[in-house]
Amino acid sequence: MLNSADLPFLDALSAELPGDCLRPPEPRYLTEPRGRWQGQAAAVALPRSAAEVATILRAANRARVGVVPWGGGTGLVGGQLQPTGPLPLVLSLERMAGLRGAYPAESVLVVEAGMVLAQVQAEAEKLGRIFPLALASEGSCQIGGNLATNAGGLNVLRYGNTRDLCLGIEAVLPDGTLFNGLKRLRKDNTGYDLRHLLIGAEGTLGVITAASLRLFPKPAEAGTALIAVTDPAAALALLSLAESRLSGMISGFELISRMGLDFLAETMPEVTSPLGGTPAWMVLIDIGLPAGFGVAADHLAALFQAGLAANLCQDGVIASSEAQRAALWRIRESIPEGNRRIGAVSSHDISLPLSLIPQFIDQAGPALAKIGDWRINCFGHLGDGNLHYNVFPTHGKSRKDHENQREAVKQCVHDLVAALGGSVSAEHGLGRLKVDDLLRYGDGGKIAAMRAIKAALDPNGIMNPGTILQS
């Protein structure tokens, strides 16, 4: 049973910390982007070192006070706030945003967890490298939060999720123990990998305070194309064709539907497609070539001609400048904002075996039609099997008109995903939004193991209570 972070607890903790470490909670620590929950907290802790984080967690563990880690607040499943229960302590690492080391010969950066993702990218740029994690929220999300949620983003096809970009971490466990795993090794086969246990745990097993991050060479030549395809099956066939021609060089392969462009025309008319008409389906392809591999636009043109010959595509545009590349990417990156302005009844972050994506799309629409009339915007990272399948009201209605159908819509989509062997959380995590989904669709053996790990590392249940597992 947890206790509230009452005044005696805060006074005692304050005595163990520098004078400005505890503050009243500002609104930014208690809200989330979709406005589904309003958080609560007795105070916000703002440590400057891992030692201070350890002091905070030791005190919270002794007093059985919940701790909610906050890594920029951009998460979409409610894992960054606690709406009910005893008042927790919010723990923000925004003051721990330092660069601990740069190793260009190793292509490694060591950074503190509060560094904003855009700053990590800038530090990599100084070394003539790239840190390839790319998210819409990169100007405000923090690398500790990215690691805690195993964020995905636009470049997973080529570089992997956040866990694939991390060589080592420093973290504080719930009892205040410091785990010093901040190594820069590519190989370290010495037992359980606590790094991968804590990455993706959404702050339920401890607090990541620093990380060793992998960097990559800048592509010598980059290119982008927007290609109209016949249907999702043709998009997958084009992906296979692209991989056979440009193996290891495809940075992004994004699926876009007509509805996405319709929403942009309705809410952001300044963002337009250069394709003639509005195709039912499109793919945005981004490639990066090493030196000596020719001109990216030529490779994309050859791919388009091969797709045309195979009846996979009908039209396409290949960027001939960085400005045109940015304009093409702006279309894809504006779709989530267009969705937000329309207002979804239910949004779904799902993944499926690649070959079953067309089947899912074919089946999901008719299944949802049995519940009501909808507009569906299906888009996402086709190259890694991650779709954002979002359901919207028809013209003249708002999501408030469908509040009583939200759960039915969500269950309809998730049931079909589970039946096809997919995941109901591809890249956003479980947070508080999908706690029940884990129980409904998760493997029983996995859930039992997760509970055992949680009980062993956090027996008092102080770390991000209510996230991932039911309290």
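In this simple spin-label model, placing a label point 7 Å from the Cα along the Cα-to-Cβ direction at both Glu16 and Arg95 gives a separation of 1.6 nm. Put a dot 7 Å past the Cα of Glu125, heading toward its Cβ, do the same for Thr267, and the two dots end up 2.8 nm apart. Exceeding 32 Å between C-alpha atoms, which entries from my cross-link table qualify? They are Lys218/Lys434; Lys410/Lys454; Lys126/Lys183; Lys126/Lys187. Over 32 Å apart, Cα to Cα: Lys218/Lys434.
In percent, rounded to a whole number, the relative contact order of the chain is 16, using alpha-carbon pairs under 8 Å and six or more apart.
When both region 300-351 and region 62-97 are represented by their alpha-carbon centers, they are found 36 Å apart. For the chain, the longest principal axis of the Cα atoms and the long axis of helix 357-369 meet at an angle of about 80 degrees. The listed residues His196, His402, His395 rank as His395, His196, His402 when sorted by accessible area, largest first, using a 1.4 Å probe. Helices in the chain, meaning DSSP H runs of at least 4 residues, each add -39500 (n - 2.57). Divided by all residues, the mean residue ellipticity at 222 nm is -10000 deg cm²/dmol. In this simple spin-label model, placing a label point 7 Å from the Cα along the Cα-to-Cβ direction at both Asp315 and Asp436 gives a separation of 4.3 nm. Among (1) 24.8; (2) 23.5; (3) 22.4, only one was calculated for this model; which label is it, if the read-out is Kirkwood radius over Cα pairs in Å? Computing Kirkwood radius over Cα pairs in Å and matching it to (1) 24.8; (2) 23.5; (3) 22.4 gives (2). Computed extension gain for Ser247 through Asn189, at 0.36 nm per residue and net of the alpha carbon distance, reaches 18.0 nm. The simple Förster model, with R0 at 22 Å and r as the Cβ-Cβ distance, assigns Ala220 and Leu308 a FRET efficiency of 0.20. With the cut-off at under 18 Å, measuring from each backbone N in region 124-160 to a point 7 Å along the Cα-to-Cβ line of Leu197 picks out 148-150.
The values are calculated or read from the model by the stated rules, or taken from the named source; none is laboratory data. This structure is a prediction, so every number in the text was calculated from the model and none was measured. No Cβ is skipped: glycine too gets one built from the backbone with ideal geometry, and neighbour counts run over all protein chains shown. Accessible surface is based on the protein model in full, side chains and every heavy atom, while ligands, DNA and RNA are left aside. Shrake-Rupley method; radii C 1.70, N 1.55, O 1.52, S 1.80 Å.
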